[in-house]
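Asker: Questions regarding the structure given below will be posed in turn.
The values are calculated or read from the model by the stated rules, or taken from the named source; none is laboratory data. All figures in this text were calculated on a predicted structure; none of them were measured in a lab. Using ideal geometry, Cβ is built from the backbone for each residue, glycine included, and neighbour counts are taken over all protein chains shown. The protein model used for the area step is the full one, side chains on, heavy atoms only, and it has no ligands, DNA or RNA in it. Shrake-Rupley method; radii C 1.70, N 1.55, O 1.52, S 1.80 Å.
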Amino acid sequence: MERAKQYGDFDSVVTLQHLQKSLNKRVRGTSWKGSVQAYVSHAIVKNYRAKQCISTGRLPDSFKVRSMTLTERGKLRNIQMVDIESRVIQGCLCDDALMPTLQPTLIYDNPASVKDKGVSFARRRLDYHLQRQIRKSGTDFYIATFDFKGFFDSVRHSLCFETMKPQCFDKRIIDLVMKIIRKYKESLLRFIKNEKERNRIAEALQNMEGVGITLGSQISQIMALVAPNKLDHLIKEVFCIKPYIRYMDDGIMLHTDKSFLEKVLSVFSEMAKALGLRLNEAKTRIVKATQGFTFLKVRYKVTKTGHILKKIAKASIVRMRRKLKKFVNKVKQGRMTLDDVFVAFKSWLGYVKIARTYRARKSIIQRYNTFFNNYRMKGVKA
């Protein structure tokens, strides 16, 4: 109730000060964009109009949605591009209402999209849980990994609503959040040629029977974070499995009894179905810790002596080899500069150092030096 008084009241959340604070955060790293510069130059007027509009329960007319389809590792992903005005409004709601109120309901080992946590935190927590389990039971224990299938596309709008309702949010905040969630699905209605089908989906969206949230939206990130919250508490508090981590749609748990983990996954799967989520059977498995497993793109293996070996998934190294070859052609065509290539390569090099990849790094560095004549590589070591 104390949190609701501070973060759940619409008039306390949607203020010009909070909109300006949100704008200041959103322009970091994007101030070079023309649309951002145009918004900043008229920030007072823009924020005032946005506040006036959403105070009446409407989204601004300029709140438009543009879609694009990307190919990521062989998968087609439909992403909605969020313009600066939408990001400012969503940032205001997320920073000053949703996150302060919903974050305390999360388990500690649910670190995605949480300030001062993230992927690095999740990997450190896995190291901690593995080391603790090794000290407790030796190397004779099992790892259960799971993955939700079509995670963002499976989140029900009614589940988002039910997640916010118990937190004593002002009805106007909930209505505004649900309008933003629906907006992205409504933007896709124009691609449906069948009028009856289009009207059916539009009616379902208005009745909060829609399914799916968009990639790229900050509100969607938070909804994806809290949607399976009941499942997290089921594992931690009902089954009392402390070494459990969930990062968005990827999860992992440790236990000494394989049959117990099978039972847990069975109950977990049934409860997930009740929430509208499905486990990816191809990526859900139980293995011995000494056999090795993959979590967040890193391959882990516990040796018989209790050491934890970490390797980058082979696919990541193969992708970088192919990228360097493509970069050569892009540089020749003038579509990339050598500085762009170096930044992309240095970023990858920093990422793979989280695991034992000395030989792979050395091989890729040699390939980079051959293609780009050692550009800016002075002092860079594997």
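Asker: If you take the residues in segment 102-124 that are open to solvent by less than 50 Å² (accessible area, probe 1.4 Å) and charged (D, E, K, R), which one is farthest from ASP232 (Cα to Cα)?
Answerer: ARG123
Asker: Between a first residue in segment 110-135 that is on the phi > 0 side of the Ramachandran plot and a second residue that is of a type outside the set (Ser, Thr, Tyr) and open to solvent by 20 Å² or more (accessible area, probe 1.4 Å), which pairs have beta carbons less than 6 Å apart while being 6 or more apart in sequence or on different chains?
Answerer: Once the first residue is on the phi > 0 side of the Ramachandran plot and sits in segment 110-135, its partners that are of a type outside the set (Ser, Thr, Tyr) and open to solvent by 20 Å² or more (accessible area, probe 1.4 Å) give SER113/GLN221.
Asker: Another question, then. Quick one: how many residues across segment 1-12 are closer than 15 Å to ILE54 by Cα and open to solvent by 30 Å² or more (accessible area, probe 1.4 Å)?
Answerer: So the count comes out to 3.
Asker: Give the residue, chosen from THR139, THR145, that is surrounded by 15 or more Cβ atoms within 10 Å (Cβ to Cβ), in a loop (DSSP other than H, G, I, E, B), modelled with pLDDT of 90 or more and out of contact with any Leu (no Cβ under 6 Å at 6 or more places or on another chain).
Answerer: Among THR139, THR145, only THR139 is surrounded by 15 or more Cβ atoms within 10 Å (Cβ to Cβ), in a loop (DSSP other than H, G, I, E, B), modelled with pLDDT of 90 or more and out of contact with any Leu (no Cβ under 6 Å at 6 or more places or on another chain).
Asker: Right, next: Can you name the residue in segment 239-280 that is within 26 Å of CYS160 (Cβ to Cβ) and among the charged types (D, E, K, R) and is also least open to solvent (accessible area, probe 1.4 Å) among such residues?
Answerer: In this case the residue turns out to be ARG246.
Asker: Quick one: is ILE192 touching a Lys or Arg at 6+ places or on another chain (Cβ under 6 Å), at pLDDT below 90 and farther than 20 Å from ILE107 by Cα?
Answerer: Yes: the conditions hold for ILE192.
Asker: Within segment 193-218, restricting attention to residues that are hydrophobic (A, V, I, L, M, F, W, C) and within 16 Å of ASP153 (Cβ to Cβ), which residue is most open to solvent (accessible area, probe 1.4 Å)?
Answerer: VAL211
Asker: Of the conditions (1) open to solvent by 90 Å² or more (accessible area, probe 1.4 Å); (2) part of a loop (DSSP other than H, G, I, E, B); (3) over 25 Å from THR101 (Cα atoms), ARG58 clears all except one; give me its number.
Answerer: Every condition holds for ARG58 apart from (3).
Asker: Of the conditions (1) at pLDDT below 90; (2) open to solvent by less than 20 Å² (accessible area, probe 1.4 Å); (3) part of a helix (DSSP H, G or I), GLN80 fails just one. Which one is it?
Answerer: Tallying (1) at pLDDT below 90; (2) open to solvent by less than 20 Å² (accessible area, probe 1.4 Å); (3) part of a helix (DSSP H, G or I), GLN80 fails exactly one: (3).
Asker: Related question: Going through segment 111-136 one residue at a time, which ones are among the small types (Gly, Ala, Ser) and not in a helix (DSSP H, G or I)?
Answerer: ALA112, SER113, GLY118, listed by residue number.
Asker: So, one more: Hey, which of the helices (runs of 4 or more DSSP H) in segment 278-382, taking only ones fully inside, have at least 1 residues that are in contact with a His (Cβ under 7 Å, 6 or more places away or on another chain), closer than 30 Å to THR139 by Cβ and at pLDDT below 90?
Answerer: Answer list for segment 278-382: none.
Asker: Could you list all residues from segment 13-44 that are surrounded by fewer than 16 Cβ atoms within 10 Å (Cβ to Cβ), part of a helix (DSSP H, G or I) and touching a residue at least 40 places away in the same chain (Cβ under 8 Å)?
Answerer: LYS25, SER35
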